[in-house]
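Q: Before I ask anything, let me first share the structure, which is written out below as structure tokens.
We did not get these values from a lab; they are worked out from the coordinates using the rules stated. Owing to the predicted nature of the structure, the values given are computational and were not obtained by experimental measurement. Backbone-built Cβ (ideal geometry, glycine too); neighbour counts: all protein chains shown.
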Amino acid sequence: MSYQLAELYRQVNNLVRIGTVHSVDYERNMARVAFGAAITDYLPWLTTRAAGNRTYESLEVGEQVFVITPPGQALGVIVGVLNQNAYPHPAQSPEIQKTVFKDGSVVMYDRASHVLTADIKGDVNVVASGNVQVEAGKDITATAGKAVEIAAGSSVTVTAKNITLNGQTTINGSLSQGGGSNGGSASFNSTLHTTGKITTDSDVVARVSLNSHNHTCREGNTGSPA
């Protein structure tokens, strides 16, 4: 076999190889790959976008990877990863896109059932410099194991046909009730207690009117309160 043919044979054999990540330099985003006992120098790995839009997802030690070494190049490029027995496929369906993280968190979309699931084993932070709008064609349910806090810089508006508050309610500030196109009234099914005055611009009625009631005495009926 001539030298040229032997060299071509070697390059073809080394063009695409499957190995295992030996070590990772996270500062340079490069990894060394083991092919049996042979270990490469640090190689770059492909990403999906690397200009105005950029994506990042690092390799880990033990991942099975594809390495391509173009002819005439001393070093190769890691171009993809393969599942293996130690790290099997996270799903077996053409309908599912799923990412399983090492800490147990899962992000999955099932296009057959139209369900997006994010099961995060920690905190979730959402930050927007503009508006945030959430719309649901049906119900919205929010459940917290501890407290729920909502803070607004100016105002909060809740609009519904019926609003139910279950539990002790504390209002730190003034309370205005009524008004609007339907007027309004307040009804209490329990005792009302105040440590301050109760004032009104109209009448107070407790079976009898505070403004128009009178009393009967020996001298006759009293007049209405002044």
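Q: Hey, if you put +1 on the Cβ of every Lys and Arg and -1 on every Asp and Glu Cβ in the chain, which of Ala6, Gly62, Ala91 ends up farthest toward the positive end of that dipole?
A: Checking the options against the dipole of the chain, the answer is Ala91.
Q: From the helices alone, meaning DSSP H stretches of at least four residues, give me the mean residue ellipticity at 222 nm for the chain, per-run term -39500 (n - 2.57), in deg cm²/dmol to the nearest 500.
A: -2000 deg cm²/dmol
Q: Under a straight-distance cross-link criterion of Cα-Cα below 18 Å, which lysines are reachable from Lys138, leaving out those fewer than 8 residues away in the same chain?
A: Leaving aside lysines fewer than 8 places away in the same chain, those within reach of Lys138 are Lys161.
Q: Name the long-range amide H neighbours of Ala91: under 5 Å, sequence gap of 5 or more, or other chain; modelled H, no Pro or chain starts.
A: Here nothing satisfies the definition.
Q: Which whole-Hz ³J(HN,Hα) couplings does segment 35-44 yield from phi under the Karplus relation 6.51 cos²θ - 1.76 cosθ + 1.60, θ = phi - 60°, glycine and proline marked x?
A: With the stated coefficients, segment 35-44 comes to 10, x, 7, 7, 10, 6, 6, 5, 10, x Hz.
Q: Please say if segment 25-96 is rounded, prolate or oblate, where rounded means a/c under 1.5 for a ≥ b ≥ c the square roots of the C-alpha gyration tensor eigenvalues, and otherwise the choice is prolate for a/b larger than b/c and oblate otherwise?
A: Details: a/c = 1.86, a/b = 1.23, b/c = 1.51.
Since a/c reaches 1.5 but b/c is at least a/b, the shape of segment 25-96 is classed as oblate.
Q: Same structure, new question: How high is the FRET efficiency from Leu175 to Thr117, r the C-beta distance, R0 41 Å, rounded to 0.05?
A: Values: r = 41 Å, r/R0 = 1.00.
Efficiency, from the Cβ-Cβ distance: 0.50.
Q: Show me, for segment 100-113, the HN-Hα J-couplings you get by feeding each phi into the Karplus relation (A = 6.51, B = -1.76, C = 1.60, θ = phi - 60°), rounded to Hz, glycine and proline as x.
A: 10, 9, 4, 7, x, 5, 9, 10, 9, 10, 10, 6, 6, 9
Q: Identify, among Phe101, Ala118, Thr157, the residue whose Cα sits farthest towards the positive end of the charge dipole of the chain, taking +1 on the Cβ of Lys and Arg and -1 on the Cβ of Asp and Glu, with the dipole about the Cα centre.
A: Thr157
Q: Would you mind checking which residues have amide H under 5 Å from Ser105's amide H? H placed 1.01 Å from N; only 5 or more apart, or other chain.
A: The list, which skips near neighbours in sequence, is Lys121.
Q: Pop the C-beta distance of His89 and Arg54 into the FRET formula with R0 = 45 Å and round what comes out to the nearest 0.05.
A: 0.95
Q: Can you tell me, using C-alpha contacts under 8 Å and at least 6 residues apart, the relative contact order of segment 3-82 as a whole percent?
A: 31 percent.
Q: Using a Cα-Cα cut-off of under 21 Å, which lysines could be cross-linked to Lys121, ignoring same-chain neighbours fewer than 8 residues away?
A: Of all the lysines, those that pass the test against Lys121 - Cα under 21 Å, at least 8 places apart if same chain - are Lys98, Lys102, Lys146.
Q: Oh, and also: If the chain between Lys161 and Val148 were fully stretched, how many nm would it gain, using 0.36 nm times the residue separation less the Cα-Cα distance?
A: Values: separation 13, 0.36 × 13 = 4.68 nm, distance 2.29 nm.
Length gained between Lys161 and Val148: 2.4 nm.
Q: Tell me which residues come under 5 Å, amide H to amide H, from Ala31 once H is placed; ignore anything under 5 positions away on its chain.
A: Residues meeting the criterion, in which the H sits 1.01 Å from N, are Asp25, Leu43.
Q: Sequence gap at least 6, Cα distance under 8 Å: using those rules, report the relative contact order of the chain to the nearest whole percent.
A: Relative contact order for the chain comes out at 9 percent.
Q: About its Cα centre, what dipole magnitude does the chain give when the only charges are +1 on Lys and Arg Cβ and -1 on Asp and Glu Cβ, stated in debye to the nearest 20? Intermediate results must be reported in sequence, preceding the final value.
A: Values: 16 positive and 18 negative charges, 37 e Å.
That gives a dipole near 180 debye.
Q: Tell me, how many Å apart are the Cα centres for segment 1-51 and for segment 114-190?
A: When both Cα centres are located, 55 Å separates them.
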